[in-house]
Amino acid sequence: MGIIFKAVVLPLFLSSLLLSLVSSAPNDGLFRIGLKKVKLDPNNRVAAQLESKNVEALRASMRKYHLPANLEDSGDIDIVSLKNYLDAQYYGEIAIGTPPQTFTVIFDTGSANLWVPSSKCHFSVACYFHANYKSGKSSTYKKNGTSASIQYGTGAISGFYSNDNVQVGDIVVENQDFIEATSEPGLIFLAAKFDGLLGLGFQEISVGNAVPVWYNMIEQGLIKEPLFSFWLNRNAQEEEGGEIVFGGVDPNHFKGKHTYVPVMKKGYWQFDMGDVLIGGKPTGYCSRGCFAVADSGTSLLAGPTTVITMINQAIGAEGVVSQECKAVAQQYGQTIMNLLLAEARPDKVCSQIGLCTFDGTRSVSVGIESVVDKSNGKSSGILHDASCSACEMAVVWMKNQLGQNQTQDRILNYVNELCERMPSPMGQSAVDCGKLSSMPSVSFTIGGKVFELTPNEYILKVGEGPQAQCISGFTNIDIPPPRGPLWILGDIFMGRYHTVFDSGRMRVGFAEAV
């Protein structure tokens, strides 16, 4: 699935899904895939965080388009309506085979394979609760048989490749390779409201080097313009959940012009991103640039722990106390402060105090031993990556506060507060629903423009009234240079900003959604 990891383990949801498809085929040459809204309730708090993959596990498992001037001017466009489950899963309907066998799938820009459960899946409980592909009932089925498997952070699917016609919206892609999943272990697939997944990333990340569906749409001349666009409806009061348009854009779903940034390399839809701002103030972490990926298969917004912790502190999110972070702050906080005040190079501070080594470009862990014990309120044992990482985060936090002319005491207290706000290993952080109006905006600089998210946009509210629970839409993921720092802009971001994936010009565009 895309590049994200599960923040929590899903509960067993066996209730049936509202599968009614909002199917519309107006005479504008577009094929729409609509999204269905499902009312949130407290029992679905965990599901509201349904992200769809563990970045590092996914990456370990892996190895042009033009915008039409006007929607009505382009006849070869396919629009697929999407359903929306808890603002966390956006899925639509496709069909495979002749006659067509229907499936609900996540349209995932963070992966590149199409897979659905197979009728030959006999030993995974999840397969019994989802639609199965039956090759024997399709006159256009072609045997392939090559084995395939995809490892995700919370589970894996495995099976074999087959070939058949695939219908997306009103167009039919012929001779499409896809995976028949014969094994879907884990609760994640059992509880999922979708049957399978249709990847919209580049072939370079396709398992088995299978040609993605959207490549074949272009190769077979099924769409006029080689691009697709997403509108994700975040209005919980509306029935329609959103749409994906193949071959163009729908001007009814955005205002103004798109800001485009070039795709850095084929694989994920990855681009350069500038600094992150909290309450309009720059964090400085990405002042020299970060990488970002637009990923429709990710529910939340993931980024480096350093900045996610700063955001959590600013919005009052309650995370897990990091003893290592607090120990480093207590033992070395003043020393780090003194070095920064002496204008030492920030990237060398942690190596200067012995918590990291410097390889010429960045600090790396050396694994030093602590000689203090927990009776003194300090950690003991071997401090490997944790101590080095904690030191590097403290440097960023202190440098940020020094830039705001804070006192030394205030800065040291701030670092300690951030240690308290560090997200849990599974990424979950909660906030007080009654304080949304006082929370700051969080903004991302893309293509020289600032894209803002307000609290109502980055907080997932589950339930109503006094029983409501609010979950931070920010979770942590750490990818070191040269591949990082990396941000995953998932549905929370794409819900606010209409997104165009233009591979003809190798670019991604964002405009305010309406």
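With θ set to phi - 60°, apply the Karplus curve 6.51 cos²θ - 1.76 cosθ + 1.60 along region 452-460 and write out the HN-Hα couplings as whole Hz, x wherever there is a Gly or Pro.
So the J values, rounded to whole Hz, are 9, 10, 8, x, 5, 9, 9, 9, 8.
In nm, what is the difference between 0.36 nm times the number of residues separating Val450 and Asn235 and their Cα-Cα distance?
Details: separation 215, 0.36 × 215 = 77.40 nm, distance 2.28 nm.
Between Val450 and Asn235, full extension yields an extra 75.1 nm.
Using only the Cα atoms, work out Rg/Rh for region 88-173, with Rh taken as the Kirkwood radius, to two decimals. Show your work: numbers first, answer last.
Working: Rg = 13.0 Å, Rh = 13.9 Å.
Expressed as Rg/Rh, it is 0.94.
State, to one decimal in nm², a quarter of the convex hull surface area for the C-alpha atoms of region 160-248, i.e. the direction-averaged projected area. Before the final figure, lay out each step's value.
Numbers: hull surface 29.9 nm².
Its average projected convex-hull area is 7.5 nm².
Taking region 247-320, how many lysine pairs are there with alpha carbons less than 27 Å apart, if each pair must be eight or more places apart or span two chains?
Working: Lys255/Lys281; Lys257/Lys265; Lys257/Lys266; Lys257/Lys281.
So the count works out to 4.
Taking Cα centroids, how far is region 265-312 from region 436-514 in Å?
Taking the Cα centre of region 436-514 as reference, the centre of region 265-312 is 9 Å away.
What accessible area, in Å² to the nearest ten, does a 1.4 Å probe give for Phe493?
Surface open to solvent at Phe493 totals about 0 Å².
Cα centroid distance between region 189-261 and region 118-168, in Å?
Region 189-261 and region 118-168 have Cα centres separated by 21 Å.
Just round it to a whole percent: the fraction of Cα-Cα distances in region 276-358 exceeding 19 Å. Intermediate values should be presented prior to the final figure.
On the way: 1893 of 3403 pairs.
Tail of P(r) above 19 Å: 56 percent of Cα pairs.
In region 211-250, what is the volume of the convex hull around the alpha carbon atoms, normalised per residue and reported in Å³?
In region 211-250, the Cα hull volume divided by residue count equals 75 Å³.
Please list, by residue number, everything in region 223-259 whose backbone N is under 20 Å from a paramagnetic label point 7 Å out along Cα→Cβ of Glu457.
From region 223-259, the list is 229-238, 241-244, 250-259.
How far, in nm, would the chain grow between Lys255 and Ala468 when pulled straight, counting 0.36 nm per residue and subtracting the alpha carbon separation?
Numbers: separation 213, 0.36 × 213 = 76.68 nm, distance 3.23 nm.
Using 0.36 nm per residue and subtracting the Cα-Cα distance, I get 73.5 nm.
Extending each Cα 7 Å along its Cβ direction at Lys265 and Lys435, get the distance between those two points in nm, one decimal.
4.2 nm
Per residue of region 205-215, in order, report the coupling 6.51 cos²θ - 1.76 cosθ + 1.60 (Karplus, θ = phi - 60°) as ³J(HN,Hα) in whole Hz, putting x for Gly and Pro.
Using θ = phi - 60°, the values come out as 10, 7, 5, x, 6, 5, 6, x, 4, 6, 4 Hz.
Quick one: which residues, 5 or more positions from Leu114 or on another chain, have an amide H under 5 Å from its amide H? H modelled 1.01 Å from N in the peptide plane, none for Pro or chain starts.
Those lying under 5 Å, H to H, from Leu114 are Ile179, Gly199.
How would His130, His498, His122 rank on accessible area, largest to smallest, probe 1.4 Å? Numbers along the way, then the final one.
Numbers: His130 25, His498 5, His122 105 Å².
Sorted by accessible area, descending: His122, His130, His498.
The values are calculated or read from the model by the stated rules, or taken from the named source; none is laboratory data. No experiment lies behind these values; they were computed from the predicted model shown. Backbone-built Cβ (ideal geometry, glycine too); neighbour counts: all protein chains shown. Keep in mind that these areas ignore ligands, DNA and RNA; they rest on the heavy atoms of the full protein, side chains included. Shrake-Rupley method; radii C 1.70, N 1.55, O 1.52, S 1.80 Å.
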